[in-house]
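In what follows, a single structure is set out as structure tokens and then discussed.
Taken together, the values in this text are just the output of simple stated rules run on the coordinates, not laboratory data. None of the values given here were measured: they were computed from a predicted structure. Please note: Cβ atoms are built from the backbone with ideal geometry, for glycine as well, and neighbour counts cover all protein chains shown.
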Amino acid sequence: MPTFIRLCALGLVLILAQFVAPTAHATGRTAADQPATGQAQAAAECGRGRTVVRNTNAAASWAPVTPAKWQFPGDQVILAQAGEERPGPRRPFEYAVLEKGPAFGSVQIDAEVRLDTPTSVSNRDVIIVFGYRSDTEFYYAHLSQDNTIYPHNGIFVVNNADRLRIDDQWNGQVGAPPAVTDEQWHKVRVRFCTDTGRISVFVDGSTTPLMTATDHTFASGRVGFGSFDNIGRVRGLTVTGTPACKTS
């Protein structure tokens, strides 16, 4: 039987205080987080909580698939070696799950990412993982230079089967505009609203999502970072949302 998830009570939030910090304002958002016109309603519908996990660069905060492929210099998290295909359903080869703080229901992930694979490799990527339940149960946002092939530059779900593309932008031939086309740092925000199932991916501070999807496969889980089969890095990863707790 699968493990069911329910929202944590206030008591658990207090227990987790050693891992998380409250946001600076009573609203739970800084000025930079205030939704622009057209985003306010979506943010209200999300019911995203105010629990925040930050300062996530330490090695102890992460659980990689293959620890030897990762580096943790203190100011960023680096996937230094490309992953290798593993048995089971088709899914990203290498990623690390954030173990600091709780699993989340509705959640927003903010970070800066960089693709270290040279731009001469058109299908290079990094991924943001969310709703992670197990190695074969999670969502991920695939941020790529290529947007012309099914597994590139989209939103996917892995549910004990080969990854399935679920974003609204894919039309069978092309998807959203490429998320990253250089080797520079880029701001990324992934927002998942469990009540509506709405998933939105924003790049470089845009108030209009680059990718969107609606899915109810998973109601909660952990977040992570990695790549399907390339190398890259993340820094400043901050998670804001509603903690979830497991019940049998």
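If packing is taken as the mean number of other Cβ atoms within 10 Å per residue, what is the order of 94-105, 115-126, highest first?
Numbers: 94-105: 22.5, 115-126: 17.7.
Those peptides, ordered most packed to least, come out 94-105, 115-126.
Taking the average, over residues, of other Cβ atoms within 10 Å as the packing measure, peptides 67-75, 137-145, 175-183 rank 137-145, 175-183, 67-75 from highest down.
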